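Student: Sharing a structure, written as structure tokens. Questions coming.
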Amino acid sequence: MNKPALLAGLRRVVGEDFVRTDEDSLAHFGRDTCDLFEPAPSAVVFPDSTQQVRDLVLLANDQALALVPSGGRTGLSGGATATRGEIVVSMERMNAVIGSNPGDRTIECQAGVITAQVHAQAESMGLFYPVDFAASGSSHIGGNVATNAGGVRVIRYGMTRNWVAGLQVVTGAGEILELGKGLVKDNTGYDLRHLMTGSEGTLGIITGATMRLASAPGDAAVMVLGAEQMELLLPVLERFGSAVTVNAFEFFSEQALQQVIEKHRLQRPFETPAPVYALIEFEQANDGDVDAAMNAFEQCVADSLLVDGVISQSSSQAHALWRLREDISATLAHRQPYKNDLSVRVSAVPQFLAGVEAFIEQNYSGFEVLCYGHIGDGNVHLNILRPHGMGLEAFKKTCASISEGLFEMVQRFGGSVSAEHGVGLLKKDSLHYSRSAHELELMRSIKRAFDPAGVLNPGKIFD
Ligand code: MLT
Ligand code: ZN
């Protein structure tokens, strides 16, 4: 199809004003937060209904077009990046909260509703939407489902998957599916809702989501704790886990902390620098909870697991401590870090981390490597910074080849090469470290069943 005919076809579906081809729009909507790939879409379209999304998918099938579904573009693996002249389908206009149902404890949203809006809506119902992360002010709920977003409270509440009560989806064949329907119990065969969750727009375009809500937790207190080595943090978690209800257990290295403190002129959590820090958030459900946490802390210091620590005395202090962890990703973004997002079973974390530390020492001596992440979930983010003077392509190549050794270690531990950031473009060549050849073949068959002509996000997850 020639370009004018293509644009005319798209305009017929979404309306004259909702097809953009100007350079700024192509650059802006053509990629997510992973900036290691150059965006090169042909056009960006802004549908406002499931019917329009369906018509776009039918047009794509008819004219052999490729569509890249796009939410808040906060993904970190290039899953929403269009590098091959695809049509970006932005869900920005489908941003209405359709309804809330206190009896079912659910909220029904169009896919483009911002995650923070779901938090606010839940709060107005006296309930709680527990999936949270630094990008919740701009990420879309549809994108969260499509990538099975994790974040900082997985240790207590699990990933997005746990909270999906229903989905409206347009498959690659242009069928509209209503999955889950908000039911608590439904054992009628394969649960396609879970297949869609985390499928990164390769099986269907999510146009609506019904999200389940939790009871609102009590007030929370936050501690930042310093330790000599990463692997000591797991015994620390065990001690705190027996004393209080842990909402979050995160970690970051001194180097990561330094970047945030310098950029935002923040206070160190305490004077003594430590090689690594844990941030723990716990619920203050009972009067004795702070004492129980302080006892756990003192025991950890007595047993040389921790060197120092601080506890928030107010919600503003808690917020300030959270910034030390949550601002890391945005602080590093301008350095275009090469991101590894690895996970192993929680019980294997100390051993795995010892291996990671040795690996960094041996292989990354010329690089700045910053570690942080969700250690309580067995999930480590390893960010490698580009040395000044090294070109982007050379940097990507070097990191990819060094990462192979890391992935072999992940494989030996039975871990994952992408714990929560998804596969997208960035991790597809490494997928075989976590998935068997047979699994990959089954995944390809599933893709063919939902998207026989391959119009949805081709080249993502696998080729
Ligand atoms: C985080 O844990 O901060 C996010 O996954 C983003 C990142 O890894 O940079
Ligand atoms: Zn993370």
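No lab work stands behind these numbers, since they all come straight from the coordinates. Small disclaimer: the values here were computed from a predicted structure and weren't measured. Neighbour counts run over all protein chains shown; Cβ positions are idealised from the backbone, glycine included.
Student: For Ile176 and Ser304, what is the calculated FRET efficiency with R₀ set at 41 Å and r taken between the beta-carbons, to the nearest 0.05?
Tutor: 0.10
Student: Once R0 is set to 25 Å, what does the formula 1/(1 + (r/R0)^6) return for the Cβ-Cβ distance between Ala285 and Lys263, expressed as a FRET efficiency to the nearest 0.05?
Tutor: 0.10
Student: How many nm separate the modelled label positions at Ala437 and Gln411, each set 7 Å beyond the Cα in the direction of the Cβ?
Tutor: Here the answer is 1.2 nm between the modelled labels.
Student: Further, regarding this structure: With respect to the cross-link table entries Lys181/Lys460; Lys397/Lys427; Lys396/Lys428; Lys263/Lys397; Lys396/Lys460, which display a Cα-Cα separation exceeding 25 Å?
Tutor: Too far apart for the 25 Å limit: Lys181/Lys460; Lys263/Lys397.
Student: Which whole-number percent is the relative contact order of the chain (Cα, under 8 Å, 6+ apart)?
Tutor: Reported relative contact order: 16 percent.
Student: For the chain, with only Lys/Arg (+1) and Asp/Glu (-1) charged at the beta-carbon, what is the dipole magnitude about the Cα centre, in debye rounded to 20? Write down the numbers at each step before the final one.
Tutor: Working: 37 positive and 54 negative charges, 251 e Å.
It comes to approximately 1200 debye.
Student: Could you check the simple spin-label distance between Asp191 and Ser445, using points 7 Å along Cα→Cβ, in nm with one decimal?
Tutor: 2.2 nm
Student: Given Phe128, Ser139, Leu59, which one lies farthest toward the positive end of the charge dipole of segment 9-164, if we put +1 on the Cβ of every Lys and Arg and -1 on the Cβ of every Asp and Glu?
Tutor: Going by the charge dipole, the pick is Phe128.
Student: Here is a further query. Which value in Å is the Kirkwood Rh of the chain over different Cα pairs?
Tutor: On the way: mean 1/r = 0.0433 Å⁻¹.
It works out to 23.1 Å.
Student: Along the charge dipole of segment 347-463, which of Val455, Ala394, Ile384 sits closest to the positive end, that is, farthest toward it, with unit charges on the beta carbon of Lys, Arg, Asp and Glu (+1, +1, -1, -1)?
Tutor: Of the options given, the answer is Val455.
Student: Set the Förster radius R0 to 51 Å, insert the Cβ-Cβ distance between Ala40 and Ser315 as r into 1/(1 + (r/R0)^6), and round the FRET efficiency to 0.05. Please list the in-between numbers first.
Tutor: Values: r = 45 Å, r/R0 = 0.88.
Efficiency at R0 = 51 Å is approximately 0.70.
Student: Right, next: Going by Cα centres, segment 72-112 and segment 391-428 are how many Å apart?
Tutor: Taking the Cα centre of each part, segment 72-112 and segment 391-428 sit 27 Å apart.
Student: Follow-up. Relative to the longest principal axis of the C-alpha atoms of the chain, give the angle of the C-alpha long axis of helix 233-243, reported between 0 and 90° and rounded to the nearest 10°.
Tutor: So the helix axis and the longest Cα principal axis differ by about 80 degrees.
Student: Could you work out how far apart the two model spin labels at Asn363 and Ser242 are, taking each label as a point 7 Å from the Cα in the direction of the beta carbon, and quote it in nm?
Tutor: So the two model labels end up 3.6 nm from each other.
Student: In whole angstrom, note down how far apart the Cα centers of segment 226-290 and segment 122-188 are.
Tutor: Value for the Cα centre distance between the two parts: 28 Å.
Student: Show log10 I(q)/I(0) for segment 306-353 at q = 0.23, 0.33 Å⁻¹, two decimals, from a solvent-free Debye sum over equal Cα scatterers.
Tutor: With no solvent term, the Cα-only Debye profile gives -0.94, -1.08.
Student: Calculate how large, on average over all directions, the projected area of the Cα convex hull of segment 62-219 is; give the answer in nm² to one decimal. Working shown, then result.
Tutor: Working: hull surface 39.7 nm².
So the mean shadow area of the Cα hull is 9.9 nm².
Student: Per Stokes-Einstein, at 37 °C and 0.692 mPa s, what whole-number D in µm² s⁻¹ belongs to segment 252-353, with the Kirkwood radius over Cα pairs as the hydrodynamic radius?
Tutor: 209 µm²/s
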